[in-house]
1. State yes or no: is Arg6 under 23 Å from Leu99 (Cα atoms) and either open to solvent by 90 Å² or more (accessible area, probe 1.4 Å) or not in a loop (DSSP other than H, G, I, E, B) (or both)?
2. Go through (1) of a type in the set (A, V, I, L, M); (2) touching a strand residue (DSSP E or B) at 6+ places or on another chain (Cβ under 8 Å); (3) surrounded by fewer than 16 Cβ atoms within 10 Å (Cβ to Cβ); (4) within 21 Å of Gly95 (Cα to Cα) one by one and return the number of the condition Leu12 breaks.
3. Quick one: Glu92 ticks every box in (1) surrounded by 14 or more Cβ atoms within 10 Å (Cβ to Cβ); (2) under 22 Å from Leu32 (Cβ atoms); (3) within 14 Å of the chain's Cα centre (by Cα) except a single one, so which number is it?
4. Out of everything in segment 36-75 that is out of contact with any Pro (no Cβ under 8 Å at 6 or more places or on another chain) and aliphatic (A, V, I, L, M), what residue ends up being modelled with the highest pLDDT?
5. Looking at the structure I just gave you, is Asp83 open to solvent by 60 Å² or more (accessible area, probe 1.4 Å), over 22 Å from Pro10 (Cα atoms) and touching a residue at least 24 places away in the same chain (Cβ under 8 Å)?
6. Are any residues in segment 48-57 of a type outside the set (A, V, I, L, M), assigned to a strand (DSSP E or B) and buried (at least 18 other Cβ atoms within 10 Å of the Cβ), and if so, which ones?
7. Any residue in segment 100-110 that is under 22 Å from Gln25 (Cα atoms) and assigned to a loop (DSSP other than H, G, I, E, B)?
8. Could you please let me know if Arg33 is surrounded by fewer than 16 Cβ atoms within 10 Å (Cβ to Cβ), at pLDDT below 95 and assigned to a strand (DSSP E or B)?
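The values are calculated or read from the model by the stated rules, or taken from the named source; none is laboratory data. This is a predicted model, so every value here is computed, not measured. For neighbour counting, all protein chains shown are included, and Cβ atoms are generated from backbone atoms with ideal geometry for every residue, glycine included. Note: areas computed on protein heavy atoms with side chains; ligands, DNA, RNA excluded. Shrake-Rupley method; radii C 1.70, N 1.55, O 1.52, S 1.80 Å.
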Amino acid sequence: MTPRIRLTAPVLGTPDPQELARFYQRLLDWPLRDDGPEWATLRPEDGSTGLSFQREPGHVPPVWPPEPGTQQMQQHLDLEVDDLDAASALAEAAGARLLNTYTEPHEQVRTYADPAGHPFCLFVRT
């Protein structure tokens, strides 16, 4: 019998969990559930998978695009949006830094770094 396993939240390391939680709260419009100096969590109203942030004082942001001998990205978030320009403006106003833009056959993508340096992509299907 296979046990029930449910992903509740990816966890991002950061020197300041509260700051990074507030960045993603502004971007995703999710309520803050836990809010402390060591740990913060955002969870959508429906209780589905959220995001958590853990204090890592020695956090080294990844380099994007990757370069040999530098801190490599181990994960990133893909966020589908309905209006790429509006979502990009919101992300930038909240503190994101644009890293790259590209077009795939069925989507337009903008890659950003959050305030702690974690890459994430905003994309719209075309």
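1. It is false that Arg6 is under 23 Å from Leu99 (Cα atoms) and either open to solvent by 90 Å² or more (accessible area, probe 1.4 Å) or not in a loop (DSSP other than H, G, I, E, B) (or both).
2. Among (1) of a type in the set (A, V, I, L, M); (2) touching a strand residue (DSSP E or B) at 6+ places or on another chain (Cβ under 8 Å); (3) surrounded by fewer than 16 Cβ atoms within 10 Å (Cβ to Cβ); (4) within 21 Å of Gly95 (Cα to Cα), the lone unmet condition for Leu12 is (3).
3. Tallying (1) surrounded by 14 or more Cβ atoms within 10 Å (Cβ to Cβ); (2) under 22 Å from Leu32 (Cβ atoms); (3) within 14 Å of the chain's Cα centre (by Cα), Glu92 fails exactly one: (1).
4. Val60
5. Details: open to solvent by 60 Å² or more (accessible area, probe 1.4 Å): yes; over 22 Å from Pro10 (Cα atoms): yes; touching a residue at least 24 places away in the same chain (Cβ under 8 Å): yes.
Yes; evaluated as a whole, the condition is true for this residue.
6. Selection gives Ser52, Phe53.
7. Of all residues in segment 100-110, those under 22 Å from Gln25 (Cα atoms) come to 109-110.
Cutting the leftovers down to assigned to a loop (DSSP other than H, G, I, E, B) gives us none.
No: segment 100-110 contains no residue that is under 22 Å from Gln25 (Cα atoms) and assigned to a loop (DSSP other than H, G, I, E, B).
8. Here the answer is yes, as Arg33 does meet what is asked.
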